[in-house]
Amino acid sequence: MTTDASDKWPFTWSDHDPARYPFDRGSVLEAVRSVALPVPAASPHPSGSCWQADPQESREWSRAVSRGLAERYGRWAAGWSWGIGSGDYGGESSMLWGTDMYSITTPGETIARVANCLIRWRNWLEDVAWHFDQLLPMPGPEAAPAVAFAAWEAAGVRLAHAAGSSTDIDNWGGWVWRVYFWFAEAAEAAGCAGEGPHDVTQPAAFVKHFWFGSATLDIAEAAQWYARRMTGHQDARDWPDIWPHDWPSRRQR
């Protein structure tokens with residue numbers, strides 16, 4: 001198994017599914033201590049708002065921790081510093097761990113922060129897995145197209161809320177796409193992936209379109225996008241155009 005945390009893709013649901021990887025929260029702090037190299041020296045920033053360590057040393061230390069945790073727990077654990085809305089998946093880093101050089105403080109506090117980040121990351125993955133369990137199985141290829149579309153659209157709404165429950169609003173798009181991709185993989189494994197093109201493996205177009213916020217309109221549009229790609233069915237509902245004609249389209253931003 002490749003555990004180099006610098007390998008950003010592909011990180012699939014099978015890499016993250018909590019059911020595949022036992023996890024004892026009570027031993028996390030000791031596990032982090034056992035895999036971490038000596039914490040780089042850091043000192044309070046002149047502004048007084050944070051601490052600061054050497055950029056290269058802190059980056060190498062963080063990557064070494066990721067490799068060690070991935071070896072111990074599975075590849076999913078390399079996401080401890082991604083948090084919800086991490087840059088690797090289309091956003092900013094965890095509130096608990098930001099840029100490496102500014103997240104390192106004293107050795108004891110830094111090790112404890114890594115452990116807390118790993119637990120927080122695992123908690124979120126378990127929440128996502130719970131939603132997957134509630135939604136599966138999805139309608140199979142034998143289902144009527146409209147029925148399948150409605151089911152995938154409903155799943156898209158629920159998963160968008162689940163993905164965005166702990167993320168900054170500006171980072172919402174990347175995390176919704178990631179959960180959509182994972183759920184498509186889980187549905188395929190369960191034999192109910194639908195008949196669509198399943199073109200959810202590349203984030204660029206989705207993230208660009210749905211980068212802004214998690215308003216009701218964004219969630220509805222994202223869910224319909226997902227349903228179309230998972231079923232190949234074009235929704236026949238004729239929604240009225242209520243966007244003021246003298247307002248700029250958000251698609252033009």
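The values are calculated or read from the model by the stated rules, or taken from the named source; none is laboratory data. These figures come from a predicted structure and were not determined experimentally. Reconstructed Cβ throughout: ideal geometry from the backbone, glycine too, with neighbour counts over all protein chains shown.
Checking every residue in region 87-105 against the condition of being at pLDDT below 85 and of a type in the set (Asp, Glu) gives at least one match. Put simply, of VAL114, VAL147, VAL128 the only residue that is under 26 Å from SER43 (Cβ atoms) and modelled with pLDDT of 90 or more is VAL114.
Of all residues in region 126-151, count the ones that are closer than 30 Å to ARG59 by Cβ, surrounded by 18 or more Cβ atoms within 10 Å (Cβ to Cβ) and in contact with a Pro (Cβ under 7 Å, 6 or more places away or on another chain). Break it down into steps so the answer makes sense when it comes.
Step one: list which residues in region 126-151 are closer than 30 Å to ARG59 by Cβ, which gives 126-128.
Applying the additional criterion that residues be surrounded by 18 or more Cβ atoms within 10 Å (Cβ to Cβ) yields 128.
With the extra rule that they be in contact with a Pro (Cβ under 7 Å, 6 or more places away or on another chain), the set shrinks to none.
Qualifying residue count, region 126-151: 0.
I'd like to know if region 106-114 contains one or more residues that are buried (at least 21 other Cβ atoms within 10 Å of the Cβ), of a type in the set (Val, Ile, Thr) and more than 16 Å from the chain's Cα centre (by Cα). Within region 106-114, one or more residues are buried (at least 21 other Cβ atoms within 10 Å of the Cβ), of a type in the set (Val, Ile, Thr) and more than 16 Å from the chain's Cα centre (by Cα). Applying the criterion of being hydrophobic (A, V, I, L, M, F, W, C) and buried (at least 20 other Cβ atoms within 10 Å of the Cβ) to the residues of region 152-161, the residue that is modelled with the highest pLDDT is ALA155.
Being surrounded by 15 or more Cβ atoms within 10 Å (Cβ to Cβ), in a helix (DSSP H, G or I) and at pLDDT below 80 is a property that holds for TRP172. What are the residues in region 51-63 that are within 19 Å of LEU96 (Cβ to Cβ) and either exposed (fewer than 15 other Cβ atoms within 10 Å of the Cβ) or of a type in the set (D, E, K, R) (or both), if any? Of everything in region 51-63, those that are within 19 Å of LEU96 (Cβ to Cβ) and either exposed (fewer than 15 other Cβ atoms within 10 Å of the Cβ) or of a type in the set (D, E, K, R) (or both) turn out to be ARG59, ARG63.
Yes or no: region 13-28 includes at least one residue that is surrounded by fewer than 19 Cβ atoms within 10 Å (Cβ to Cβ), over 22 Å from VAL128 (Cα atoms), of a type outside the set (Val, Ile, Thr) and at pLDDT 95 or above. So far as region 13-28 goes, yes, one or more of its residues are surrounded by fewer than 19 Cβ atoms within 10 Å (Cβ to Cβ), over 22 Å from VAL128 (Cα atoms), of a type outside the set (Val, Ile, Thr) and at pLDDT 95 or above. For LEU69, the conditions (1) among the aliphatic types (A, V, I, L, M); (2) more than 13 Å from TRP121 (Cα to Cα); (3) modelled with pLDDT of 90 or more are fulfilled apart from (2).
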